[in-house]
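Let me begin by presenting the structure, written as structure tokens, before commenting on it.
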Amino acid sequence: MAIRCFVLDDEPPATDLLKEYIGRLPDIDLVGVSNTPTQALSQLQQTPVDVLFLDIHMPRLTGFDLLRPLCYRPKIIFTTAFREYALDSYEFDVVDFLVKPISFERFLQAMGKLYRFLPAPATAPEQAEPARPSTDYQYFKVDKEMVKLNLGDILWIESLKDYVRIHTVSGPLVSYLRISYLEEKLPPDRFVRIHKSFIVSLRHIQAISATYIRVNDAELPIGRIYKAKLDQVLQR
């Protein structure tokens, strides 16, 4: 299921711009747009969403006032022309704080943060079943785009300090992420870290020796401190 979002801003040009930006991204379902806070509050109470793009300075009801009576707490991306609200906004579950005018590149940065908060789209309550990854894909920021990668296409990931090079079946991509972040976010039944600089896909391992793992004919070193965990994963 797609991530469900709602846009509220008392200025129609602002909502039109966000609608246009959201329309460029896959797997984002824009379930509502409003220029009237009181009307939006009623809609949001009746139809919960995953993320709310929310202006703060609006007539009759501020963005802060709208959030307090909600019976649930969506992820919030504030959109405002007033920088002075930034500090007050963090009493809520804030993903990002966008100052108008909002460029598409800055919007993408906020969406990158959102995907980290929501690695999987919201789904119906889970029934009892064996644990498994919630999605077969993740989004990665590559240049100015959020690129969707199927996890099964990832061969291995290489650390480049503040960046990573993601080697896939169709070629490498470079994304602004730390390898330690991906180690936490990628499903542990499909990926394992073998070195301070490498994470490999278990599916694509061709051979293993005492000192390296071969993936797609590349020999990747096994770090000493990672060997025990690797052995544990391979014995499952």
Item checked: Any pair with Cβ under 9 angstrom, 6 or more apart, that starts in the range 98-110 at a residue that is under 13 Å from ALA14 (Cα atoms) and ends at one that is among the acidic types (Asp, Glu) and surrounded by fewer than 12 Cβ atoms within 10 Å (Cβ to Cβ) -> PHE104/GLU20
Next item on the list: Report the residue count in the range 7-30 for those that are closer than 24 Å to PRO59 by Cα and either in contact (Cβ under 8 Å) with a residue 60 or more places away in the chain or surrounded by fewer than 16 Cβ atoms within 10 Å (Cβ to Cβ) (or both).
Entry: 9
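For the range 164-185, which residues satisfy the criterion of being of a type outside the set (A, V, I, L, M) and either surrounded by 17 or more Cβ atoms within 10 Å (Cβ to Cβ) or at pLDDT 90 or above (or both)? Full working, then the answer.
To start, the set of residues in the range 164-185 that are of a type outside the set (A, V, I, L, M) comprises 165, 167-168, 170-172, 175-176, 178, 180-181, 183-185.
Once the filter is applied, which keeps residues that are of a type outside the set (A, V, I, L, M) and either surrounded by 17 or more Cβ atoms within 10 Å (Cβ to Cβ) or at pLDDT 90 or above (or both), the range 164-185 yields ARG165, HIS167, THR168, SER170, GLY171, PRO172, SER175.
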Check: Got at least one residue in the range 31-40 being touching a residue at least 60 places away in the same chain (Cβ under 8 Å) and closer than 22 Å to MET146 by Cβ?
Finding: no
Next item on the list: Identify all residues within the range 12-69 that are within 25 Å of the chain's Cα centre (by Cα) and acidic (Asp, Glu); write none if there are none.
Entry: ASP16, GLU20, ASP27, ASP29, ASP50, ASP55
Next item on the list: Please give the number of the condition LEU44 fails out of (1) farther than 14 Å from LEU70 by Cα; (2) in contact with a Leu (Cβ under 7 Å, 6 or more places away or on another chain).
Entry: (1)
Margin query: For SER42, only one of the following conditions fails: (1) surrounded by fewer than 17 Cβ atoms within 10 Å (Cβ to Cβ); (2) within 29 Å of VAL142 (Cα to Cα). What is its number?
Written below: (2)
Checklist line | helices (runs of 4 or more DSSP H) enclosed by the range 42-151 - at least 1 residues per element that are at pLDDT 80 or above and among the charged types (D, E, K, R) | finding: 63-67, 104-117
Notebook entry, point to check: Got a sec? Which strands (runs of 3 or more DSSP E) wholly within the range 174-236 have at least 2 residues that are within 28 Å of ARG116 (Cα to Cα)?
Noted result: 191-195, 198-201
Check: Is it true that LYS185 is among the basic types (Lys, Arg) and in contact (Cβ under 8 Å) with a residue 40 or more places away in the chain?
Finding: yes
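The values are calculated or read from the model by the stated rules, or taken from the named source; none is laboratory data. Here the structure is a predicted model, which is why all the values come from computation and not from measurement. Ideal geometry is used to build each Cβ from the backbone, glycine not excepted, and the neighbour counts take in all protein chains shown.
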